[in-house]
Amino acid sequence: MGALRTPREQWIEEGLRALAAGGVDAVRIEALAKALGVTKGGFYGYFADRDALMAGMLDTWERESVDDVIDQIERECDNPRDKVRLAGQLTFSSDRLLPIDLAIRDWARRDRTIAARLRRVDNQRFQLARDAISTFCDDPDEVEARALLAFCTAVGSHFLAADHPGTTRAQVIARAADIILALPHGNPGG
């Protein structure tokens with residue numbers, strides 16, 4: 001992200017940074033202006049109000065979480081299993097997207113509109129996993145179960161506090177991915 005950003009993009013970026021660090025209540029125009037080193041008045045040249053900023057932030061998160069991830073995996077991967085792995089890494093291991101995603105999940109617990117938006121994004125992500133898994137597994141029930149396990153591992157691992165004696169969390173997650181993405185018994189292809 002070395003390119004110069006427009007002031008509007010800077011407000012959105014700073015809003016996403018505040019959201020990731022402190023949740024939805026941390027996204028305050030005055031605090032964002034101070035962090036940007038600008039006056040609060042400049043905000044209103046780009047946004048009608050805080051709600052408009054929040055909508056812009058959600059649009060940016062959705063684009064980066066879905067469209068940009070899909071574009072990158074289509075460019076970098078041919079193997080369906082690699083696509084699922086890369087999508088998970090880009091979204092749920094990313095230093096940028098993960099904290100935003102977790103903050104939006106928390107926000108969605110208290111706001112039905114945000115919950116609906118999160119559902120739309122998660123449905124798109126889930127469909128990506130279904131599509132990839134269905135290329136090597138033809139049982140629809142198993143495809144759905146594997147996609148759910150993949151998603152639960154990716155999201156849930158950030159909320160788990162369990163220890164893994166003799167191994168690391170990263171190793172356990174990698175092994176879980178291997179199991180989820182293994183060829184079904186009797187399937188020689190993939």
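Nothing in this text is a laboratory measurement; each read-out follows from the coordinates by a stated rule. Remember, it's a predicted structure, so these values are computed and weren't measured experimentally. All Cβ positions, glycine included, derive from the backbone under ideal geometry; neighbour counts span all protein chains shown.
Some notes on this structure:
- Legend: calculated FRET efficiency, Leu160 to Thr135, from the Cβ-Cβ distance at R0 = 30 Å, rounded to 0.05, equals 0.55.
- Contact order, relative form, for segment 26-145: 19 percent (alpha carbon pairs under 8 Å, 6 or more residues apart, mean separation divided by residue count).
- Gyration tensor over alpha-carbon atoms, the chain, equivalent ellipsoid semi-axes in Å: 36, 17, 15
- Using R0 = 41 Å, the C-beta based FRET efficiency linking Asp82 and Arg109 works out to 0.80.
- Among Gln171, Gln89, Gln124: highest mean-square fluctuation, GNM of the chain, C-alpha pairs under 10 Å: Gln171
- For the chain, built as a Gaussian network whose Cα springs stay under 10 Å, the top-fluctuating residue of Arg130, Arg109, Arg96: Arg109
- R0 of 22 Å, Cβ-Cβ distance Thr167-Phe126: FRET efficiency to nearest 0.05: 0.20
- Degrees between helix 169-180 axis and first principal axis of the chain (Cα, 0 to 90, nearest 10): 50
- Spin-label model, Gln89 to Asp49: label points 7 Å out along the Cα-to-beta-carbon direction sit 4.4 nm apart.
- Each residue of segment 85-170 gets 119 Å³ once the volume of the Cα convex hull is shared out per residue.
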